[in-house]
1. Name every residue in region 55-76 that is within 19 Å of ALA128 (Cα to Cα) and either among the polar types (S, T, N, Q) or surrounded by fewer than 10 Cβ atoms within 10 Å (Cβ to Cβ) (or both), in order of residue number.
2. Looking at SER87, SER25 in this structure, which one is small (Gly, Ala, Ser) and modelled with pLDDT under 95?
3. So which of GLY170, GLY92 ends up being modelled with pLDDT under 95 and on the phi > 0 side of the Ramachandran plot?
4. Criterion first (part of a helix (DSSP H, G or I), over 30 Å from LYS182 (Cβ atoms) and among the hydroxyl-bearing types (Ser, Thr, Tyr)) does TYR85 satisfy it?
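The values are calculated or read from the model by the stated rules, or taken from the named source; none is laboratory data. Bear in mind that the values here come from a model prediction, so they are computed numbers and not experimental data. All Cβ positions, even for glycine, are placed from backbone atoms using ideal geometry, and neighbour counts span all protein chains on display. Surface accessibility is based on the protein's heavy atoms, side chains included, excluding ligands, DNA and RNA. Shrake-Rupley method; radii C 1.70, N 1.55, O 1.52, S 1.80 Å.
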Amino acid sequence: MPVKRINIESFLQLAKALPVFDVRSPGEYNHAHIPGSYNLPLFTDEERKVVGTAYKQQDRETAIKIGLDFFGPKMRKMVELAEEYLSQHIVGPTLSLSALNKNNGEQNGQKSIIIYCWRGGMRSAGVAWLLDLYGFDVYTLVGGYKTFRREALNTFNQSFRFRILGGYAGSGKTNILNTMEKLGETIIDLEGIAHHKGSAFGAISMPA
């Protein structure tokens, strides 16, 4: 099936069930990415610099040829990594992957996935071509991560009603939040996000 380009509204719905692949470099991904997405980088950080320099200092065609030199040897590995991510993907409770695939993707053994890069340009198009050729049912986000970031920033202009749950350590806050989430409520577990560490010394012996 041909690669399908989707807008941010469709993306937000489909991403509840489908695995989302960020094909930007590891450095870009670690700096900021769509929550829950898997990093399937087309280029390493160094390769991205080389291609970008060629694009700016020489021309588009030269940059593409250099990019193809980097892309070619890693095609099989990228396909296998995509398969691994797909096998590990856990579908959220709000949407059934099997039901979605029945209507939107899984045909003749194909598996549905979403791909994005920085602006929805050549990197996502290249990886989408490869995975579509292999047999995945591929969606790409129009405008890439920039579109998602803009959508996220726009939510700050909306009104939300928050209920704040506090209490001493050991009072059961996390258990209550987990139960609420299982019942379909939207929660933000601030202590969980901070790995139950204070801000003063929380970075000690912890990942970045």
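1. GLY72, PRO73
2. Exactly one of SER87, SER25 is small (Gly, Ala, Ser) and modelled with pLDDT under 95, namely SER87.
3. Exactly one of GLY170, GLY92 is modelled with pLDDT under 95 and on the phi > 0 side of the Ramachandran plot, namely GLY170.
4. Answer is no for this residue.
Listed here are the residues, each with its yes/no results for (1) outside any loop (DSSP other than H, G, I, E, B); (2) surrounded by 20 or more Cβ atoms within 10 Å (Cβ to Cβ).
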position	(1), (2)
ARG5	yes, no
PHE11	yes, yes
LYS16	no, no
ARG24	no, yes
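Residue-wise test of (1) open to solvent by 40 Å² or more (accessible area, probe 1.4 Å); (2) acidic (Asp, Glu); (3) over 21 Å from TYR29 (Cα atoms).
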residue: ILE115; (1), (2), (3): no, no, no
residue: TRP118; (1), (2), (3): yes, no, no
residue: ALA125; (1), (2), (3): yes, no, no
residue: LYS146; (1), (2), (3): yes, no, no
residue: LYS173; (1), (2), (3): no, no, yes
residue: ILE176; (1), (2), (3): yes, no, yes
residue: GLY192; (1), (2), (3): no, no, yes
residue: HIS196; (1), (2), (3): yes, no, yes
residue: PHE201; (1), (2), (3): yes, no, yes
